[in-house]
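**Q** Below is a structure I'd like to ask you about.
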Amino acid sequence: MEQPSLVVRLRVSKKKLKIGRMADSNSEEIAVIGNTDLTAAELENNKNNTMAEAGTTLLRRMDISVAEAEKRTGKNAVNMQETYTVYLIETRPIDAVTEGQNPAPDSLWRRYSEFELLRNYLLVTYPFIVVPPLPEKRAEFVWHKLSADNMDPDFVERRRTGLENFLLRVASHSVLSNDKMFYHFLTEENGWKEVVFETGFQAKADSRLKALNATFRVKNPDKRFTELKHYSDELQSVTSQLLRVRARVADRLYGVYKVHGNYGRVFSEWSAIEKDMGDGLQSAGHHMDAYAASVDDILEEEEHYADQLKEYLFYAEALRAVCRKHELMQYELETAAQDLTSKKQQREELVTGTVRTFSLKGMTSKLFGQETPEQREVKLQVLEEQITQGEELIKDQNTECNEYVKNAWLDIERFKEQKDRDLKEALISYAVMQISVCKKGIQVWTNAKECFSKM
């Protein structure tokens, strides 16, 4: 158990950026509850783990925010000193707010690793859902003036905003928001991890990881999932390129603005040696200084838009996870069908006494003679049982796979609508911001022109 010995309050702002509001902008509901990885008994238990009827979301009943972050120093499980960040989650019932009351919110602290645990649980429990990604653990695609230190206050603030957005995304999802473990994550500070591990999800996560990393090739892949997998790769590629370009532009923009600071210094020095022109030069210098200083706020706002793009960079992996799960199910179905075909062939060989292909059984018969009728009858009975079981298995796997495809595609369509809406809003807002920046530059030089005109 971690024993914090030092608490340092980081600089945080309580403002909610547009990306946080985006999570609640999709009110479309998907009436899907279940986990295709589970047995019938586990599936029923999973349904019991939901908090409300399908078609409602937690965000309609609860106000959720990640209010602030704290940097703490303490000893970890192996008694080593470490510094880490915790985030304050605040919740309050929507009913109380709409009725004009203002009760104190319930609050608890969570580490980033606990957010990771929650997301891993959701990935395993709901493999047919495009689970929202977490914000980056360490800064990526940073320009040279931006700190890559994960303890940097500005980075921690952006991550706080990203974690709040993650919770809002999950809370606005008609399936994920009704999971009991998610509700406990928001409301139970102690004992939450133990309850999650008791679900046995970790064992499924380990086997899932091994299965998804295994090398296998599906003979008859679903074209829709194949195209989606290619799309997720392309989405990741173009967003990565866009973020790299944006980082390079930010570097150059910073340099251009700081050069204007040099203009300000030179104009101020020049004004000291001029009598008639002095006031105009000094005023122009002040405009240049103010323009140079404004770059920090501009690039801070740009980081907000970069974080929106990063969310969809990470969403690409969530899309691939859904595709890989379907690929694995298809592979298991094809393997079962192949095994059933082999057993039916063995049955035919036993009945007719002919071996259609080269096999060890055929060589053994030639060397040691044919089996007795009694032996063949016993083997035939065993094969009949195995064939019946195989047919039932294929029937169940077909049903499971079809259900997975239906549920996954419903959520993929929901994700596509969310993505189109979010990225359209983000890109338009970015363009508006750039127009504003350009107008500000024009205004600075217009003011400077007026100063020069009065000399």
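**Q** What helices (runs of 4 or more DSSP H), lying completely within segment 116-232, carry at least 3 residues that are modelled with pLDDT of 80 or more and within 26 Å of Thr91 (Cβ to Cβ)?
**A** 153-171, 180-187, 192-198
**Q** Go through segment 277-286 and give me each residue that's under 18 Å from Thr446 (Cβ atoms), open to solvent by less than 60 Å² (accessible area, probe 1.4 Å) and not hydrophobic (A, V, I, L, M, F, W, C).
**A** Of everything in segment 277-286, those that are under 18 Å from Thr446 (Cβ atoms), open to solvent by less than 60 Å² (accessible area, probe 1.4 Å) and not hydrophobic (A, V, I, L, M, F, W, C) turn out to be Gly280, Ser283, Gly285.
The rows are residues; the columns are (1) at pLDDT below 90; (2) part of a helix (DSSP H, G or I); (3) open to solvent by 50 Å² or more (accessible area, probe 1.4 Å).
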residue: Gly362; (1), (2), (3): yes, yes, no
residue: Arg376; (1), (2), (3): yes, yes, yes
residue: Gln381; (1), (2), (3): yes, yes, yes
residue: Leu393; (1), (2), (3): no, yes, yes
residue: Glu413; (1), (2), (3): no, yes, yes
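Here's the yes/no breakdown for (1) under 30 Å from Ser283 (Cβ atoms); (2) open to solvent by 80 Å² or more (accessible area, probe 1.4 Å); (3) at pLDDT below 95; (4) under 37 Å from the mean Cα position of the chain (by Cα):
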{"site": "Ile387", "(1), (2), (3), (4)": "no, no, yes, no"}
{"site": "Gln434", "(1), (2), (3), (4)": "yes, no, yes, yes"}
{"site": "Thr446", "(1), (2), (3), (4)": "yes, no, yes, no"}
{"site": "Lys449", "(1), (2), (3), (4)": "yes, yes, yes, no"}
{"site": "Phe452", "(1), (2), (3), (4)": "yes, no, yes, no"}
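**Q** Could you tell me which residue of segment 267-300 is nearest to the chain's Cα centre (by Cα), considering only residues that are under 18 Å from Lys449 (Cα atoms) and not in a helix (DSSP H, G or I)?
**A** Met277
**Q** Taking the stated definitions as given, is Leu309 open to solvent by less than 40 Å² (accessible area, probe 1.4 Å), under 28 Å from Pro153 (Cα atoms) and touching a residue at least 24 places away in the same chain (Cβ under 8 Å)?
**A** Criteria met by Leu309.
**Q** Out of curiosity, is Tyr291 open to solvent by less than 40 Å² (accessible area, probe 1.4 Å), aromatic (Phe, Trp, Tyr) and touching a residue at least 60 places away in the same chain (Cβ under 8 Å)?
**A** Values: open to solvent by less than 40 Å² (accessible area, probe 1.4 Å): yes; aromatic (Phe, Trp, Tyr): yes; touching a residue at least 60 places away in the same chain (Cβ under 8 Å): yes.
When the stated conditions are applied, Tyr291 passes them.
**Q** Report yes if Tyr291 is aromatic (Phe, Trp, Tyr) and closer than 30 Å to Pro127 by Cα, otherwise no.
**A** Criteria not met by Tyr291.
**Q** Condition (residue is out of contact with any strand residue (DSSP E or B) (no Cβ under 7 Å at 6 or more places or on another chain), open to solvent by less than 20 Å² (accessible area, probe 1.4 Å), over 30 Å from Phe452 (Cα atoms) and of a type outside the set (D, E, K, R)) applied to segment 244-266: is it met by at least one residue?
**A** Yes, the conditions are met somewhere in segment 244-266.
**Q** Here is a further query. Which of (1) more than 27 Å from Phe314 (Cα to Cα); (2) modelled with pLDDT of 90 or more does Val405 not meet, given it meets every other one?
**A** Of the numbered conditions (1) more than 27 Å from Phe314 (Cα to Cα); (2) modelled with pLDDT of 90 or more, the odd one out for Val405 is (1).
The values are calculated or read from the model by the stated rules, or taken from the named source; none is laboratory data. Given the structure is predicted, the values throughout are model-derived calculations rather than measurements. Heads up, the Cβs are rebuilt from the backbone with ideal geometry, glycines too, and the neighbour counts pull from every protein chain shown. Each accessible area value is taken on the protein alone, full model and side chains, heavy atoms only, with ligands, DNA and RNA left out. Shrake-Rupley method; radii C 1.70, N 1.55, O 1.52, S 1.80 Å.
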